[in-house]
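Here is the structure we will look at, set down as structure tokens.
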Amino acid sequence: MVSANRIGHGTRLRESGDLMNYMNDHRIPIEICITSNVQTKAVDSLQNHPIPFYYDYGLRVTLNTDNRLILNTTLTNEYMIAIKNF
């Protein structure tokens, strides 16, 4: 059986309550890359980013940089964005 150990980005996960429950029940974390999500338009703005919803829902969320050289970000920067906006 093949299973996921983690999900990258997951910006549209909130569209499926069943899948969110599955991920929560199986403790599957979502790797969130805030800068990447905004720059690639996976989310239309920081204000509409799903990370606060996921956190409040109890999902496991990790902050990541995606491609830090191309996106000109660091893990520290990703945490500062999260602190200031969420």
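The values are calculated or read from the model by the stated rules, or taken from the named source; none is laboratory data. Please read these numbers as outputs of a predicted model, since none were measured by experiment. Note: ideal-geometry Cβ built from the backbone for every residue, glycine included; neighbour counts use all protein chains shown.
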* **Close pairs (7 angstrom Cβ cut-off, 6 or more residues apart or separate chains): buried (at least 16 other Cβ atoms within 10 Å of the Cβ) in segment 21-42, hydroxyl-bearing (Ser, Thr, Tyr) and assigned to a helix (DSSP H, G or I) anywhere** => 30/54
* To do: Please go through segment 8-20 and pick out each residue that is crowded, with 16+ Cβ neighbours inside 10 Å and not polar (S, T, N, Q).
  => 9, 10, 13, 20
* Quick one: in segment 54-78, which of the residues that are surrounded by fewer than 13 Cβ atoms within 10 Å (Cβ to Cβ) and either within 12 Å of the chain's Cα centre (by Cα) or of a type in the set (D, E, K, R) (or both) is farthest from residue 31 (Cα to Cα)? -> 56
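Counting residues that are modelled with pLDDT of 95 or more and among the basic types (Lys, Arg), which helices (runs of 4 or more DSSP H) fully inside the chain reach at least 1?
Answer list for the chain: 75-85.
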* Structure fact -> Filtering segment 1-27 for residues that are among the aliphatic types (A, V, I, L, M), over 10 Å from the mean Cα position of the chain (by Cα) and within 27 Å of residue 70 (Cβ to Cβ) leaves a count of 1
